[in-house]
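Everything below concerns the one structure shown next.
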């Protein structure tokens with residue numbers, strides 16, 4: 001029997017999860033969203049402070065819910081990156097301290113591998129697969145030919161898609177994070193505003209900074225002319241282009257790499273339009289689709305534990321002088337010795 | 001039984017073990033920004049060296065700051081995790097207190113950057129000057145005025161000399177009732193330069209729909225005829241010439257400004273600040289944001305205008321202070337028959 005305790009603190013959620021032979025026993029998430037919402041974005045220093053405050057409470061709660069003690073744990077896993085550096089430090093100290101005290105393996109986990117493997121809670125990964133990683137910090141197309149085998153075939157050349165949603169929401173007077181409010185308003189609107197489709201350098205690459213600027217300019221022009229910004233239509237027009245770009249690039253990659261499966265991962269995979277478009281796109285094809293449940297689209301430690309199970313089998317363990325890497329690339333997931 | 005001692009509140013990394021207040025062994029060196037990597041490993045080494053297992057540890061004693069923000073979090077997170085895992089007491093000391101000399105009055109100093117220092121002055125266990133932030137000029141004056149006090153810390157940046165104290169020995173001595181944390185799991189460092197928690201750190205940003213309930217509350221508290229939620233929503237989302245900004249402190253909305261820009265002039269519709277946050281410059285920040293918007297318009301905005309109730313003397317004084325001038329009294333301007341003073345401010349030569 002293998003029991004893993006995993007810690008995630010890469011951004012604005014402090015989370016601790018425990019699994020036993022793949023079964024999730026507890027997954028505690030202390031969210032900071034209401035604090036950062038007021039500032040209109042994540043404030044890294046505040047986030048780091050709240051992690052320090054909450055981390056041990058989350059560990060205790062995760063153990064209590066799993067009805068286990070620390071003596072029962074076989075390995076301690078932690079998000080090593082990518083993420084906000086001050087936040088990553090906090091989770092790392094807690095995991096290393098536990099690994100040191102109990103003389104158990106320390107498992108360093110890549111945050112995005114976590115989002116991808118979260119899909120294992122609802123389905124089996126079938127290789128080769130295309131993973132569409134879309135979040136506030138990342139927009140990547142990743143091809144997996146086997147377990148823990150990642151190749152980034154496309155990525156954003158500027159802003160991440162989630163970041164673009166947040167900024168557009170701010171311009172439209174919608175709250176942070178911007179994904180859900182834009183999605184909701186888009187459902188009520190029509191694609192009536194002409195937003196240019198951004199050019200991107202490679203066949204599977206993305207660019208979102210131009211789209212963001214077009215929306216900001218258009219909204220400002222309308223305001224100067226004293227015209228009303230039709231919020232629902234603007235949200236719809238924006239979402240069509242933003243999600244349209246993901247669909248186009250993802251389906252091209254799926255075809256070119258001849259994948260058996262597409263999996264969605266990251267915060268933006270909660271977007272209902274993206275989910276619907278993906279379902280439509282694979283209909284009548286041989287491609288299998290896994291859409292993560294909503295709880296897997298936000299940051300939590302259950303997904304870190306999921307990756308850690310694979311790494312435990314492979315004995316991918318780190319020494320106690322492990323450091324964080326805020327810019328860790330997923331195809332370097334086993335490269336953590338500095 | 002062994003007490004575990006930890007300090008990473010400055011550029012140092014220090015780990016020690018003690019028994020009954022007496023230091024057994026310690027390691028201490030400049031770790032710069034590598035405390036996150038090295039600290040747990042150093043703890044492991046020192047425990048192994050003395051063949052100490054987790055079951056031998058009876059308490060943990062740690063510095064809580066002030067100092068490097070990341071640094072204080074590293075030792076504190078480790079200490080809290082140890083306290084949780086071993087269900088043992090957690091003792092915390094100010095990092096300045098941990099720098100005091102036992103026999104002599106000590107000025108403990110840590111570089112706080114931006115020409116400031118964290119300072120605490122201790123005589124024995126008593127703080128003569130409680131931990132605070134001082135600008136370096138005042139600190140040097142204080143030092144000059146107290147030539148018989150010992151200076152503790154890495155004070156080369158002040159171009160003076162300081163002595164180094166054994167922080168680990170002090171932490172070993174701080175295992176007592178005064179330093180015990182009642183709820184170790186909720187323990188947090190102290191930052192002093194509490195930019196994000198203090199009331200003075202105020203952020204102004206565009207209002208969004210999530211702010212509507214908070215703005216309504218301030219409306220109700222501040223105005224005789226407050227806007228309804230529908231009116232605010234209209235102003236925010238649908239008024240093409242309208243602008244809405246909110247002031248945020250302590251992670252909540254504490255004030256807002258609502259104004260319109262029409263060609264060459266702008267008009268303040270409403271400005272309000274939560275009573276608990278008045279006289280802290282919130283209104284000034286809000287007006288400042290409005291002026292910024294006016295200046296960034298394609299068509300130049302020359303004037304800001306507003307109406308204020310004749311009876312609202314505080315508001316009238318506030319506007320005068322912000323360069324608004326009385327132009328005319330508008331008779332029976334408000335629904336209840338009260339007069340309004342019409343005020344104008346030029347921003348052309350601002």
**OP:** Which order do the peptides B:24-31, A:73-80 take when ranked by the mean count of other beta-carbon atoms within 10 Å per residue, highest first?
**Re:** A:73-80, B:24-31
Subject >> Cα gyration tensor category, rounded, prolate or oblate, for the stretch A:42-134 with a/c compared to 1.5 >> reply: oblate
**OP:** Compute the Cα gyration tensor for the stretch B:65-109, then decide on rounded, prolate or oblate, letting a ≥ b ≥ c be the square roots of its eigenvalues: rounded whenever a/c is under 1.5, prolate when a/b is larger than b/c in the other cases, and oblate in all that remain.
**Re:** oblate
**OP:** Specify the angular offset, from 0 to 90 degrees and rounded to the nearest 10, of the alpha carbon long axis of helix A:85-102 from the longest principal axis of the alpha carbons in chain A.
**Re:** 20 degrees
Original post:
Taking only DSSP H segments of four or more residues, each worth -39500 (n - 2.57), what value at 222 nm results for chain B once the sum is divided by all its residues, to the nearest 500 deg cm²/dmol?
Top reply: -8000 deg cm²/dmol
Original post:
Taking every DSSP beta bridge that has both residues in the stretch B:40-174, what percent is antiparallel when rounded to the nearest 5?
Top reply: 65 percent
Subject >> Per-selection Rg to Rh, the stretch B:153-235 - Cα, Kirkwood hydrodynamic radius >> reply: 1.29
Original post:
residue A:220 versus residue B:140, label points 7 Å from Cα toward the beta carbon: distance in nm?
Top reply: 4.5 nm
Original post:
Based on the Cβ-Cβ distance of residue A:191 and residue B:346, what FRET efficiency does E = 1/(1 + (r/R0)^6) give at R0 = 56 Å, to the nearest 0.05?
Top reply: 0.80
**OP:** Return the inverse of the average 1/r over all pairs of distinct C-alpha atoms in the stretch B:1-114, which is the Kirkwood hydrodynamic radius, in Å to one decimal.
**Re:** 14.4 Å
Original post:
If each of residue B:312 and residue B:326 carries a label point 7 Å out from its Cα toward its Cβ, how far apart are those two points in nm?
Top reply: 1.7 nm
Original post:
Is the shape of the stretch B:202-314 best called rounded, prolate or oblate, per the rule: a/c under 1.5 gives rounded, else a/b larger than b/c gives prolate, else oblate, with a ≥ b ≥ c the square roots of the Cα gyration tensor eigenvalues?
Top reply: rounded
Original post:
When a footprinting reagent is the concern and you count Cβ atoms within 10 Å, what order do A:306, A:104, A:157, A:280 take, fewest first?
Top reply: A:280, A:157, A:104, A:306
Original post:
How many angstrom separate the Cα center of the stretch A:34-91 from the Cα center of the stretch A:258-299?
Top reply: 28 Å
Subject >> Per residue Cα convex hull volume in Å³ - calculated over the protein assembly as shown >> reply: 184 Å³
Original post:
Given a cut-off of under 8 Å on Cα pairs at least six residues apart, what relative contact order in percent is computed for chain A?
Top reply: 24 percent
Original post:
To the nearest whole number, what is the average tally of beta carbon atoms from other chains within 10 Å of the beta carbons of peptide B:79-90?
Top reply: 5
Subject >> Partner chain coverage, peptide A:172-181 - average Cβ within 10 angstrom >> reply: 3
**OP:** Mind pulling the angle between the C-alpha long axis of helix B:282-295 and the longest principal axis of chain B? Nearest 10 degrees, somewhere in 0 to 90.
**Re:** 60 degrees
Original post:
Hey, rough spin-label estimate for residue B:102 and residue A:2, points 7 angstrom out along Cα→Cβ, what's it come to in nanometres?
Top reply: 5.2 nm
Original post:
In which sequence would A:148, A:1, A:43, A:100 go, from the one with the fewest C-beta neighbours within 10 Å to the one with the most?
Top reply: A:1, A:148, A:43, A:100
Subject >> chain A - share of DSSP beta bridges that are antiparallel (%, nearest 5) >> reply: 60 percent
Original post:
Tell me, what is the percent relative contact order of the stretch B:1-61, built from C-alpha pairs under 8 Å that lie six or more residues apart?
Top reply: 40 percent
Subject >> Per-pair calculated FRET efficiency, R0 = 30 Å: residue B:2 and residue A:147 via Cβ, rounded to 0.05 >> reply: 0.10
**OP:** Among A:317, A:336, A:206, rank each residue by its count of other Cβ atoms within 10 Å, from fewest to most, as a rough exposure measure.
**Re:** A:317, A:336, A:206
Original post:
What FRET efficiency do you get for residue A:247 and residue B:302 if R0 is 51 Å and r is their Cβ-Cβ distance, rounded to the nearest 0.05?
Top reply: 0.55
Original post:
By how many degrees, between 0 and 90 and to the nearest 10, does the Cα long axis of helix A:272-282 differ from the longest principal axis of chain A?
Top reply: 90 degrees
Subject >> Inter-centroid distance (Cα atoms) of the stretch B:64-97 relative to the stretch B:288-332, Å >> reply: 51 Å
**OP:** Would you give the gap between the C-alpha center of the stretch A:119-190 and the C-alpha center of the stretch B:140-184, rounded to a whole Å?
**Re:** 50 Å
**OP:** Enter the mean number of other protein chain beta carbons within 10 Å of the beta carbon of each residue in A:85-98, as an integer.
**Re:** 6
Original post:
Going 7 Å from the Cα of residue A:199 toward and past its Cβ, which residues in the stretch A:148-188 have a backbone nitrogen under 15 Å from where you end up?
Top reply: none
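Throughout, read-outs are computed from the coordinates displayed, never taken from laboratory work. These numbers were taken from a predicted model, which means no experiment stands behind them. Cβ: placed from backbone, ideal geometry, glycine included. Neighbour counts: every protein chain shown.
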